[in-house]
Amino acid sequence: MTKISILGCGWLGLPLAKALLQNNFLVSGSTTSEDKLKVLDQQGIKPFLIALSENKTTGNVTDFLENSEILIIDIPPKLRGSENENFVSKIRNIIPFIEKSVVTKVLFISSTSVYNDTATLVTEDTIPQPDTESGKQLLETEELLQTNINFKTTIVRFGGLIGKDRHPVKFLAGRANLANPEAPINLIHQEDCIGIIQKIIITNAWNETFNAVAPFHPSREKYYTQKAVDLNLPLPKFTSFTTSVGKIILGDRVETVLKYTFAKPNL
């Protein structure tokens, strides 16, 4: 049985781990919360308390990676508000552990924030030019991993993440003067995130880069207004005083290369 280690068993990593277990993979998972160790263990995931910082990595990373062929890195940069970290350094600090392990394949969860909003149609051939600090650090981390000759790295750039308990309309509901009413949405459901990751593993699609976004791109105003109606939330109010800017992320390679069919194409 193939063993997989998931660095970061959070909103996506935990249900991903459960899905992999159901498909007969062995799974080790990390968390930064002692309380969550029991949760992982109860699910059949071998739990590890691991924390990455700019200066050091704490926890038993060696045992976490032991006998694992694949490492999935699913820890987003913390760059909002007072949290301002060097995400690249955090990942750089764990690379020596990967190199000393038997891991031969790394899957890095990135984001479509590596692209700016000046382009109209974005594919994997579009040269990333991030205009946010998060996007810049994610792109640098992608390059750091992909240029390492000790393992094969596949990058998955997810659009905005949604799921049963997570939807941006809950944050936008009732707000006024929202910008970019005509900008297209680029979202993906948690179920498809898990499906795409599993498809990469099953088909051995390594040394690849995939944009993972549902093929559904109505305008922000149209989509979030309708979602607010569907969920009986106060309607968001958009402003047209400024020109809308935005991009359409094309995730065609997910369908053509991986032969993946979206479970939630219309969100």
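The values are calculated or read from the model by the stated rules, or taken from the named source; none is laboratory data. As the structure is a prediction and not an experimental result, all values here were calculated from the model. Using ideal geometry, Cβ is built from the backbone for each residue, glycine included, and neighbour counts are taken over all protein chains shown.
Structure summary
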{"quantity": "Residue in segment 107-127 that is more than 16 Å from the chain's Cα centre (by Cα), assigned to a helix (DSSP H, G or I), surrounded by fewer than 21 Cβ atoms within 10 Å (Cβ to Cβ) and not aliphatic (A, V, I, L, M) present", "calculated": "no"}
{"quantity": "Check on residue 138, touching a strand residue (DSSP E or B) at 6+ places or on another chain (Cβ under 7 Å), closer than 28 Å to residue 265 by Cα and assigned to a helix (DSSP H, G or I)", "calculated": "yes"}
{"quantity": "Residue within segment 123-138 that is free of Cβ contacts under 8 Å to residues at least 60 places away in the same chain, among the polar types (S, T, N, Q) and within 25 Å of residue 16 (Cα to Cα) present", "calculated": "yes"}
{"quantity": "Yes/no for residue 207 being at positive phi, more than 14 Å from the chain's Cα centre (by Cα) and either exposed (fewer than 13 other Cβ atoms within 10 Å of the Cβ) or modelled with pLDDT of 95 or more (or both)", "calculated": "yes"}
{"quantity": "Count - residues of segment 189-204 that are without any contact (Cβ under 8 Å) to a residue 60 or more places away in the chain and crowded, with 19+ Cβ neighbours inside 10 Å", "calculated": "0"}
{"quantity": "Exclusive hit being more than 27 Å from residue 129 (Cβ to Cβ), of a type in the set (Lys, Arg) and part of a loop (DSSP other than H, G, I, E, B), set 222, 259, 227", "calculated": "259"}
{"quantity": "Residue 257 of a type outside the set (Asp, Glu) and touching a residue at least 24 places away in the same chain (Cβ under 8 Å)", "calculated": "yes"}
{"quantity": "Residue match in segment 146-166 (condition: part of a helix (DSSP H, G or I), within 17 Å of the chain's Cα centre (by Cα), among the acidic types (Asp, Glu) and surrounded by fewer than 18 Cβ atoms within 10 Å (Cβ to Cβ))", "calculated": "no"}
